[in-house]
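Written below as C-alpha coordinates is the structure these notes are about.
The values are calculated or read from the model by the stated rules, or taken from the named source; none is laboratory data. These figures come from a predicted structure and were not determined experimentally. Note that each Cβ is placed from the backbone with ideal geometry, even for glycine, and that neighbours are counted across all protein chains shown. Surface accessibility is based on the protein's heavy atoms, side chains included, excluding ligands, DNA and RNA. Shrake-Rupley method; radii C 1.70, N 1.55, O 1.52, S 1.80 Å.
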Amino acid sequence: MTDTNELSELDILKQRADDMGIEYSPRIGVDALREKVNAKLTTAPEVAESKFSAHRNEALKLVRVIITNLNPSKKEYEAEYFRAGNSVIPTVSRLVPFEVETHVEQILLNHIKTRKYAFVKTFRKDGKDVSERLLRNEFQVEVLPALTKEELENLAAEQSKRQSV
(Lines give C-alpha, C1' and ligand atoms only; values in the text may rest on other atoms or scores of the structure.)
Protein backbone atom coordinates (compact mmCIF):
# COMPACT_ATOMS: atom_id res chain seq x y z
CA MET A 1 0.00 0.00 0.00
CA THR A 2 2.87 2.39 0.67
CA ASP A 3 4.29 1.56 -2.77
CA THR A 4 1.08 2.88 -4.38
CA ASN A 5 1.31 6.10 -2.36
CA GLU A 6 4.99 6.48 -3.29
CA LEU A 7 4.20 5.89 -6.96
CA SER A 8 1.45 8.48 -6.95
CA GLU A 9 3.72 10.95 -5.11
CA LEU A 10 6.48 10.19 -7.62
CA ASP A 11 4.08 10.78 -10.49
CA ILE A 12 2.99 14.09 -8.97
CA LEU A 13 6.61 15.12 -8.39
CA LYS A 14 7.54 14.19 -11.97
CA GLN A 15 4.67 16.26 -13.31
CA ARG A 16 5.67 19.21 -11.12
CA ALA A 17 9.32 18.84 -12.15
CA ASP A 18 8.30 18.84 -15.81
CA ASP A 19 6.24 21.99 -15.29
CA MET A 20 9.18 23.69 -13.56
CA GLY A 21 11.69 22.60 -16.22
CA ILE A 22 13.69 20.39 -13.86
CA GLU A 23 15.66 17.63 -15.56
CA TYR A 24 15.76 14.24 -13.86
CA SER A 25 16.59 10.63 -14.61
CA PRO A 26 13.64 8.39 -15.54
CA ARG A 27 14.73 6.06 -12.71
CA ILE A 28 14.89 8.78 -10.01
CA GLY A 29 13.48 8.03 -6.59
CA VAL A 30 10.86 9.95 -4.67
CA ASP A 31 13.29 11.42 -2.12
CA ALA A 32 15.79 12.62 -4.71
CA LEU A 33 13.10 14.19 -6.91
CA ARG A 34 11.44 15.81 -3.88
CA GLU A 35 14.80 17.42 -3.00
CA LYS A 36 15.21 18.76 -6.57
CA VAL A 37 11.70 20.22 -6.61
CA ASN A 38 12.12 21.78 -3.16
CA ALA A 39 15.50 23.22 -4.13
CA LYS A 40 13.93 24.83 -7.20
CA LEU A 41 11.04 26.20 -5.15
CA THR A 42 13.33 27.83 -2.59
CA THR A 43 15.53 29.50 -5.23
CA ALA A 44 12.66 30.60 -7.50
CA PRO A 45 11.69 33.73 -5.48
CA GLU A 46 15.28 35.01 -5.67
CA VAL A 47 15.35 34.52 -9.43
CA ALA A 48 11.95 36.17 -9.81
CA GLU A 49 13.05 39.09 -7.63
CA SER A 50 16.18 39.61 -9.73
CA LYS A 51 14.02 39.64 -12.90
CA PHE A 52 11.70 42.21 -11.30
CA SER A 53 14.73 44.30 -10.31
CA ALA A 54 16.06 44.18 -13.85
CA HIS A 55 12.67 45.27 -15.26
CA ARG A 56 12.36 47.99 -12.63
CA ASN A 57 15.87 49.30 -13.32
CA GLU A 58 15.25 49.35 -17.08
CA ALA A 59 11.89 51.12 -16.70
CA LEU A 60 13.28 53.76 -14.31
CA LYS A 61 16.38 54.47 -16.41
CA LEU A 62 16.56 58.14 -17.41
CA VAL A 63 16.60 58.90 -21.13
CA ARG A 64 17.68 62.25 -22.60
CA VAL A 65 14.98 63.56 -24.98
CA ILE A 66 13.37 66.54 -26.64
CA ILE A 67 9.59 66.21 -26.81
CA THR A 68 7.51 68.34 -29.16
CA ASN A 69 3.75 68.72 -28.76
CA LEU A 70 1.94 68.06 -32.06
CA ASN A 71 -1.61 68.44 -30.73
CA PRO A 72 -3.05 71.73 -32.07
CA SER A 73 -5.56 71.97 -29.21
CA LYS A 74 -2.63 72.09 -26.77
CA LYS A 75 -0.41 74.44 -28.79
CA GLU A 76 -0.12 76.93 -25.90
CA TYR A 77 1.06 74.26 -23.44
CA GLU A 78 4.67 74.60 -22.37
CA ALA A 79 4.70 71.30 -20.44
CA GLU A 80 2.44 68.46 -19.38
CA TYR A 81 2.27 66.04 -16.45
CA PHE A 82 2.73 62.40 -17.34
CA ARG A 83 2.14 59.42 -15.08
CA ALA A 84 2.83 55.72 -15.63
CA GLY A 85 3.38 52.56 -13.59
CA ASN A 86 2.31 48.96 -13.14
CA SER A 87 2.48 46.10 -10.64
CA VAL A 88 6.27 45.81 -10.98
CA ILE A 89 7.27 49.44 -11.45
CA PRO A 90 6.07 52.06 -8.96
CA THR A 91 4.02 54.92 -10.39
CA VAL A 92 6.22 57.64 -11.85
CA SER A 93 4.96 61.22 -12.33
CA ARG A 94 6.84 64.01 -13.98
CA LEU A 95 6.19 67.44 -15.47
CA VAL A 96 7.79 67.20 -18.90
CA PRO A 97 8.61 70.48 -20.67
CA PHE A 98 8.13 70.69 -24.44
CA GLU A 99 10.83 71.59 -26.95
CA VAL A 100 13.51 71.56 -24.26
CA GLU A 101 16.25 69.01 -23.69
CA THR A 102 15.28 67.00 -20.60
CA HIS A 103 15.47 63.56 -19.01
CA VAL A 104 12.49 61.25 -18.47
CA GLU A 105 12.15 57.70 -17.19
CA GLN A 106 11.90 54.98 -19.85
CA ILE A 107 8.41 53.97 -18.67
CA LEU A 108 7.18 57.55 -19.17
CA LEU A 109 8.87 57.74 -22.56
CA ASN A 110 7.09 54.56 -23.65
CA HIS A 111 3.78 56.08 -22.51
CA ILE A 112 4.45 59.38 -24.30
CA LYS A 113 5.25 57.55 -27.55
CA THR A 114 1.87 55.77 -27.50
CA ARG A 115 -0.26 58.88 -26.94
CA LYS A 116 -2.55 59.87 -29.82
CA TYR A 117 -5.04 62.65 -30.49
CA ALA A 118 -8.07 62.74 -32.77
CA PHE A 119 -7.71 64.88 -35.86
CA VAL A 120 -10.85 65.70 -37.84
CA LYS A 121 -10.30 65.99 -41.57
CA THR A 122 -13.10 67.57 -43.60
CA PHE A 123 -13.36 67.17 -47.36
CA ARG A 124 -15.99 67.24 -50.12
CA LYS A 125 -17.27 63.98 -51.53
CA ASP A 126 -20.07 63.86 -54.07
CA GLY A 127 -20.92 67.51 -53.35
CA LYS A 128 -21.23 66.97 -49.59
CA ASP A 129 -18.92 67.90 -46.73
CA VAL A 130 -17.61 64.73 -45.14
CA SER A 131 -15.67 64.52 -41.88
CA GLU A 132 -13.19 61.78 -41.18
CA ARG A 133 -11.60 61.19 -37.81
CA LEU A 134 -7.94 60.22 -37.81
CA LEU A 135 -5.63 59.35 -34.93
CA ARG A 136 -2.24 61.02 -35.01
CA ASN A 137 0.76 60.92 -32.69
CA GLU A 138 0.37 63.57 -30.02
CA PHE A 139 4.08 64.04 -29.47
CA GLN A 140 7.25 63.92 -31.51
CA VAL A 141 10.03 62.31 -29.49
CA GLU A 142 13.67 62.92 -30.28
CA VAL A 143 15.90 60.58 -28.26
CA LEU A 144 19.32 62.12 -27.66
CA PRO A 145 22.53 60.29 -26.79
CA ALA A 146 23.35 60.05 -23.09
CA LEU A 147 25.52 62.78 -21.59
CA THR A 148 29.25 62.10 -21.62
CA LYS A 149 31.22 62.11 -18.39
CA GLU A 150 32.65 65.53 -19.27
CA GLU A 151 29.18 66.96 -19.97
CA LEU A 152 27.92 65.57 -16.65
CA GLU A 153 30.83 67.21 -14.80
CA ASN A 154 30.17 70.55 -16.53
CA LEU A 155 26.46 70.31 -15.69
CA ALA A 156 27.27 69.50 -12.06
CA ALA A 157 29.62 72.49 -11.86
CA GLU A 158 26.96 74.80 -13.37
CA GLN A 159 24.28 73.56 -10.99
CA SER A 160 26.66 73.95 -8.06
CA LYS A 161 27.34 77.59 -9.02
CA ARG A 162 23.60 78.29 -9.28
CA GLN A 163 22.95 76.25 -6.14
CA SER A 164 20.14 74.52 -8.02
CA VAL A 165 20.89 71.03 -6.71
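For region 87-113: of the residues being under 18 Å from Lys61 (Cα atoms) and acidic (Asp, Glu), which is most open to solvent (accessible area, probe 1.4 Å)?
Glu101
So for region 53-65 (the condition being more than 30 Å from Val92 (Cβ to Cβ), open to solvent by less than 40 Å² (accessible area, probe 1.4 Å) and at pLDDT 85 or above), does at least one residue qualify?
Step one: list which residues in region 53-65 are more than 30 Å from Val92 (Cβ to Cβ), which gives none.
No.
Counting just the residues of region 111-161 that are of a type in the set (S, T, N, Q) and within 23 Å of the chain's Cα centre (by Cα), which one comes out farthest from Glu76 (Cα to Cα)?
Looking at residues that are of a type in the set (S, T, N, Q) and within 23 Å of the chain's Cα centre (by Cα), I get Thr114.
Just checking, which of Thr68, Thr102 is closer than 29 Å to Ala54 by Cβ, of a type in the set (Ser, Thr, Tyr) and assigned to a strand (DSSP E or B)?
Values: Thr68 fails: closer than 29 Å to Ala54 by Cβ.
Just a single option satisfies the conditions, and that option is Thr102.
Quickly run through region 131-147 and pick out the residues that are open to solvent by less than 70 Å² (accessible area, probe 1.4 Å) and farther than 16 Å from Thr68 by Cβ.
Going residue by residue through region 131-147, those that are open to solvent by less than 70 Å² (accessible area, probe 1.4 Å) are 134, 138-139, 141, 144, 147.
Selection gives Leu134, Leu147.
In region 114-130, which residues are of a type outside the set (Phe, Trp, Tyr) and either open to solvent by less than 80 Å² (accessible area, probe 1.4 Å) or touching a Lys or Arg at 6+ places or on another chain (Cβ under 7 Å) (or both)?
Listed by number, the residues that qualify are Arg115, Lys116, Ala118, Val120, Gly127, Val130.
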